[in-house]
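J.: Quick one: the structure is below, questions incoming.
Quick note: the coordinates plus some simple rules give every number you see, no bench work behind them. Quick caveat: nothing in here was measured; it's all calculated off a predicted structure. As a convention, Cβ positions derive from the backbone with ideal geometry for all residues, glycine included, and neighbour counts pool all protein chains shown.
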Number of protein chains: 4
Amino acid sequence: MELGLIGLGKMGGNMRERIRRAGHTVIGYDRNPDLADVHSLKELVDALHGPRVVWVMVPAGQATQSTIDELGELLSPGDLVVDGGNSRWTDDEKHAGELAAKGIGFVDCGVSGGVWGLANGYALMYGGKAEDVAKAQPIFDALKPEGDSGSVHAGKVGAGHFAKMVHNGIEYAMMQAYAEGWELLEAVDSVTDVREVFRSWKSGTVIRSWLLDLAVDALDKSEHLDKLRGYADDSGEGRWTVEAAIDNAVPLPAITASLFARFSSRQDDSPQMKMIAALRNEFGGHAVTAAE
Amino acid sequence: MELGLIGLGKMGGNMRERIRRAGHTVIGYDRNPDLADVHSLKELVDALHGPRVVWVMVPAGQATQSTIDELGELLSPGDLVVDGGNSRWTDDEKHAGELAAKGIGFVDCGVSGGVWGLANGYALMYGGKAEDVAKAQPIFDALKPEGDSGSVHAGKVGAGHFAKMVHNGIEYAMMQAYAEGWELLEAVDSVTDVREVFRSWKSGTVIRSWLLDLAVDALDKSEHLDKLRGYADDSGEGRWTVEAAIDNAVPLPAITASLFARFSSRQDDSPQMKMIAALRNEFGGHAVTAAE
Amino acid sequence: MELGLIGLGKMGGNMRERIRRAGHTVIGYDRNPDLADVHSLKELVDALHGPRVVWVMVPAGQATQSTIDELGELLSPGDLVVDGGNSRWTDDEKHAGELAAKGIGFVDCGVSGGVWGLANGYALMYGGKAEDVAKAQPIFDALKPEGDSGSVHAGKVGAGHFAKMVHNGIEYAMMQAYAEGWELLEAVDSVTDVREVFRSWKSGTVIRSWLLDLAVDALDKSEHLDKLRGYADDSGEGRWTVEAAIDNAVPLPAITASLFARFSSRQDDSPQMKMIAALRNEFGGHAVTAAE
Amino acid sequence: MELGLIGLGKMGGNMRERIRRAGHTVIGYDRNPDLADVHSLKELVDALHGPRVVWVMVPAGQATQSTIDELGELLSPGDLVVDGGNSRWTDDEKHAGELAAKGIGFVDCGVSGGVWGLANGYALMYGGKAEDVAKAQPIFDALKPEGDSGSVHAGKVGAGHFAKMVHNGIEYAMMQAYAEGWELLEAVDSVTDVREVFRSWKSGTVIRSWLLDLAVDALDKSEHLDKLRGYADDSGEGRWTVEAAIDNAVPLPAITASLFARFSSRQDDSPQMKMIAALRNEFGGHAVTAAE
């Protein structure tokens, strides 16, 4: 089938390649003309035969909103927009409504795969009406990993991004789990080869996983990770997961602890611990440490 | 080689079988005569040719201590005891010292594998002197999963149980990660098929793992787990992990949150939340809920 | 001075009384005619001499929004609206803007005091322009406790509700602190009189506080709180505090733990712990507990 | 009455003074002869008329153990030892047993008061048999603050130190509560005067407390605490509180989060966050930050 693909960065570029390998036609647009097949959204829409399917793979927020706005002007009733970016799930219903007013369908799709997706396939979680999902199904099938799993019609509009968001929340806590264990092993004298302990866990243990494999890869590059700073960004989905939990009164202690650990990692000095130090000094005369 | 194996329960019985399949001779003792090859520790020791290797696979604490005490009386200099039970790592140095005074070697070995070990192999983490480990190496090789990983000489005496303990701590937080994500997905209306979301994650995602596979197995048995109570025991290693972290001033927020979630799950009613309810009533006149 | 006061419930009714005791004129409106001095907002506005000050003390959200909308129609340029309800601080800028378009001033005011406010005074945190705050200052002075502290001009519009929200977040964690300590004391045999331990802490300790006094009052009514269920509601500010922290990448581990403890307290059974139980059964054959 | 007091440091020295002001005779011993009234434990014991009461106020652990050992040799049946140091409560039963074998009584006493105790009195929590407590009661009465509260016979031997330990655990979480709130207020633009917000909270709020008063004192010395490093030691009781909770399967999420925040504050760089950064790089190609 034919697909219009908007956004050909690290993710989108590889996805175009994987879809083409599956025998589909992809017309790609990117603001960077060196990456693009066509040079405007209008050109892209004109080049597709109707009913069109257009996949949006641009940064969440303003870029996605303006792309959807423009597509709303250019597309025709019966066409379909798939938002494959990292949009917040609460945006999806709004986008679907705006497009539905013009007779255009909408599916949201969370995509996991990172730098490994081209070779291994992309895990896909999508939400929307069955008839809309059906229009994009050949593309989903091209992108997903081989085998029985790797893609899911998770529910209504918004369910795809919601499921991907929860995936990332779980990812935060799993990474934190390995990281805490690693730090504790490194802290004791009796364990003399922490890297080999991690490697041993790759088989037969309860905690074997792809993330564990990656941890061993990282330790093979640098046994004690001493070239790295203990500094971790977060990309939004962890925060949204906690916010969704708060909205639903669901306790998420481990995921939230993992998010907060990242916040702390980015502070040169901790304001709250200044207050703790100050209070200890006030009531107990405990020594404080001067800022540098 | 020959091995004496003490404790032929759910774990020990299957381990005997796996070691025998690898061509070794195992003489097993258990308090339950229906399971045992010999009927006393003395008989077991007499049946082995020196230098002997005896693997202790009995409950941690008093049972392990008294078995090691008795073996200290029965074995000869040059023999070796392997403690493969769930002993606390702080016991290992004591046991090693008691046996060393009689010329008997000691290796501690953490074993992971549960009900899957007979078929897939047991992950092993062991600690002790190189010459002691070498004596038991053929048994370790028979028990471990096939392939490059699955067993490790983690360090000095105690390092094996320490590594296994940390493994379990990580396991607590990984399970909690999936559990939190599952509850959040179940809480929202837009996601209409949570089980299929979990199944889709088995391929191509960052969070794919053996535990995830098991979660899907469980959901296939009961889609919403509504036959189960939200009640989770803990078996000691999680507690010891947190205690070891405290001893080493290592922060373990996600693992500890997972342990506390289990504690809470076992309370019919929460005393601390009674106090919260009482305080809210005192300062704000907020309604309280009467105990049943 | 003259004040129009809208909302005469548990809080508003006592506030009217305290302001009148200070010698000011209060004209009160409530949907319940038994409580009200006037019977419509129009009547209230007509009864006040300009420039008017009208204090809104109704539930946050829709009720506050519609009250402010109606006041925007009724009031005149130079008048002032004070929102003393529990509005989310992110609403304040919107309300200020809507009123400013009509020349009407706006101040947001967080109010603490509960059932104790009439006697002891209400702690007030307000935000807005200095000239707007000045118009309401006599009312703030009438409501606040005696002495040097108890009220503050915290900053711009929104700062009052923000400060009150953080106050409540701190309150959550302080209550949790006492509650955790109480549960631990109750759990051990050696401490035979937990209530008297709490009472002893009222003097000379680092943790003496008004909340501790209330805890002792509660224990005097019921030594082990055994008439209460461990069930705690939350009223929004705790959630908003965590959301504000996430927006600002500030780690709030203790406050968030306190919020999650309340969420858990309201679950008859924990979905996430069902998943933990199911996983333990899958990998280890551990027993599960059937739902009732 | 007469008291022998061993340990005349920051705490013990002021306690001697407060007891003397109450009209009692105190004979003090310290390793530092400049502080001491007598120059050996033997001299101290000889100077007291029987039945003697000797208060031990030396560092927990080895110093306390050896002092109690020596007193066991020097004292006579019917005498009493009070351990007022920061001993772990699990040591108390051992000490009581050792002394009981010689007919000597034992009371453990947790003391709170810090640098404020001389003027305001020391909060006291003690454990032991009623007849032993009675012997030391005049000293407890001299040390405690004026008024109805401030001291308690908490239970059996060990209960005093246990109650003091829990006091400190609560203290950790209360300090963390204020610290988290302060950091959040400092993080937003709309709140322009955080210090005055804190000061305002001293009256009429739910969160007024002595610790809040101290926080305001600290902010009056340095409005943004910018001379301090966010570095906080811990003195043992917080760790023991968490360990006691683990022993009793009591969840302590807020207190434990507070302890872990202190651990993190003392790390120049976080090993666990190095692992998080490494994993993010492995699966997503996310940039890492090099160590300096």
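J.: Give the cross-link partners of C:K164 among the lysines, using a straight C-alpha distance below 16 Å as the criterion and excluding same-chain residues fewer than 8 apart.
T.: Here the lysines satisfying the reach criterion relative to C:K164 are C:K144, C:K156, D:K202.
J.: By how many degrees, between 0 and 90 and to the nearest 10, does the Cα long axis of helix B:130-143 differ from the longest principal axis of chain B?
T.: 70
J.: Another one. Hey, for D:R21 with labels 7 Å out along Cα-Cβ, what do the inter-copy distances come to in nm, ordered shortest first?
T.: So the distances to the same position in the other copies read 3.6, 7.8, 8.2 nm.
J.: Same structure again: Given N residues in the protein assembly as shown, what is its alpha carbon radius of gyration divided by 2.2 N^0.38 Å?
T.: Cα-based Rg divided by the globular estimate yields 1.03.
J.: With everything on Cα atoms, drop me the angle between helix D:159-187 and the longest principal axis of chain D, reported from 0 to 90° to the nearest 10.
T.: Compared with the principal axis, the helix lies near 20 degrees.
J.: Turning to a different aspect of this structure: When the dipole is taken about the Cα centre of segment C:2-156, and only Lys, Arg (+1) and Asp, Glu (-1) are charged at their Cβ, what size is it in debye, to the nearest 20?
T.: 280
J.: Could you work out the Kirkwood radius for chain C, taking every pair of different alpha carbons, averaging 1/r and inverting it, reported in Å?
T.: It works out to 21.6 Å.
J.: Same structure, new question: Run the label-point distances for C:D141 please: 7 Å along Cα to Cβ, every other copy, nanometres, shortest first.
T.: Those separations, rounded to one decimal, come out as 4.9, 7.9, 9.1 nm.
J.: Let me ask something additional. Putting +1 on Lys and Arg Cβ atoms and -1 on Asp and Glu Cβ atoms, find which of C:S222, C:T256, C:I207 reaches farthest to the positive end of the dipole of segment C:207-274.
T.: Towards the positive end, the residue furthest out is C:T256.
J.: Quick one: what does P(r) look like for segment C:227-267 with 5 Å bins over all Cα pairs, in whole %?
T.: Calculated over all Cα pairs of segment C:227-267, the distribution is 6, 23, 29, 21, 11, 6, 3, 1, 0 percent.
J.: Out of the trypsin sites (Lys or Arg not before Pro) in segment A:11-81, which ones are loop residues according to DSSP with at most 16 other C-beta atoms within 10 Å?
T.: Qualifying residues, ordered by number: A:R31.
J.: For B:K227, give me every one of the aspartates and glutamates with a C-alpha distance below 16 angstrom, ignoring sequence neighbours fewer than eight places off in its own chain.
T.: Within the straight-line cut-off, B:K227 pairs with B:E183, B:E186, B:D217, C:D268, C:D269, C:E282, C:E292.
J.: Leaving out same-chain residues fewer than 8 places away, which aspartates and glutamates sit with a Cα under 19 Å from that of C:K102?
T.: C:D46, C:D69, C:E70, C:E73, C:D79, C:D83, C:D91, C:D92, C:E93, C:E131, C:D132
J.: If you don't mind, another one. Running a GNM on chain A with Cα contacts under 10 Å, which residue among A:D132, A:D30, A:D220 ends up with the highest mean-square fluctuation?
T.: Looking only at A:D132, A:D30, A:D220, the largest GNM fluctuation is found for A:D220.
J.: With respect to the axis carrying B onto A, what is the closest chain B residue by Cβ position, and how many angstrom separate it from the axis?
T.: In residue-and-Å form, the answer is B:S209, 2.
J.: List D:S203, A:S264 from most exposed to least, where exposure is judged by having the fewest other Cβ atoms within 10 Å. Write down the numbers at each step before the final one.
T.: Working: D:S203 19, A:S264 25.
Least crowded to most crowded, the residues run D:S203, A:S264.
J.: How large are Rg and Dmax for segment C:165-267 when calculated on the C-alpha trace, in angstrom?
T.: That works out to 15.0, 46 Å for Rg and Dmax.
J.: Only Cα pairs under 8 Å and at least 6 apart count here; give the relative contact order of chain C as a rounded whole percent.
T.: So the answer I get is 12 percent.
J.: Across the Cα atoms of segment D:2-156, what radius of gyration and what greatest pairwise Cα-Cα distance (Dmax) are found, in Å?
T.: For segment D:2-156, the Cα radius of gyration and maximum Cα-Cα distance read 14.0, 39 Å.
J.: Compute the helix-to-body angle for C:10-21: its Cα long axis versus the longest principal axis of chain C, expressed 0 to 90° and rounded to tens.
T.: 50
J.: When chain D is treated as a GNM, springs tying every alpha-carbon pair under 10 Å, which of D:P145, D:P251, D:P59 comes out with the largest mean-square fluctuation?
T.: Judging by the Gaussian network model, the answer is D:P251.
J.: In the Gaussian network model of chain B, springs joining C-alpha atoms below 10 Å, which of B:V194, B:V45, B:V26 carries the largest mean-square fluctuation?
T.: The residue with the greatest mean-square fluctuation here is B:V194.
J.: Right, next: If we count other beta carbons within 10 Å of each Cβ, what is the order of A:F140, D:F260, fewest first?
T.: A:F140, D:F260
J.: List the distances, in nm to one decimal, from the label point of D:V115 to the label points of the same position in every other copy, shortest first, placing each label point 7 Å from Cα along the Cα-to-Cβ direction.
T.: Once sorted, the set of distances for D:V115 reads 4.1, 5.3, 6.2 nm.
J.: Tell me the relative contact order for segment D:111-267 as a rounded percent, counting alpha carbon contacts under 8 Å between residues six or more apart.
T.: 20
J.: At a threshold of 8 angstrom on Cα-Cα distance, excluding pairs fewer than six apart, so keeping six or more, what relative contact order does segment A:57-114 reach in percent?
T.: 40
J.: Longer than 28 Å from Cα to Cα, which of D:K42/D:K135; A:K10/C:K94; A:K10/A:K221 are they? Say none if no pair is. Walk me through the numbers before you get to the answer.
T.: Values: D:K42/D:K135 21 Å; A:K10/C:K94 39 Å; A:K10/A:K221 23 Å.
Among D:K42/D:K135; A:K10/C:K94; A:K10/A:K221, the Cα-Cα distance tops 28 Å for A:K10/C:K94.
J.: Just report the Cα centroid separation between segment A:13-50 and segment D:159-204, whole Å.
T.: Between the Cα centre of segment A:13-50 and that of segment D:159-204, the gap is 56 Å.
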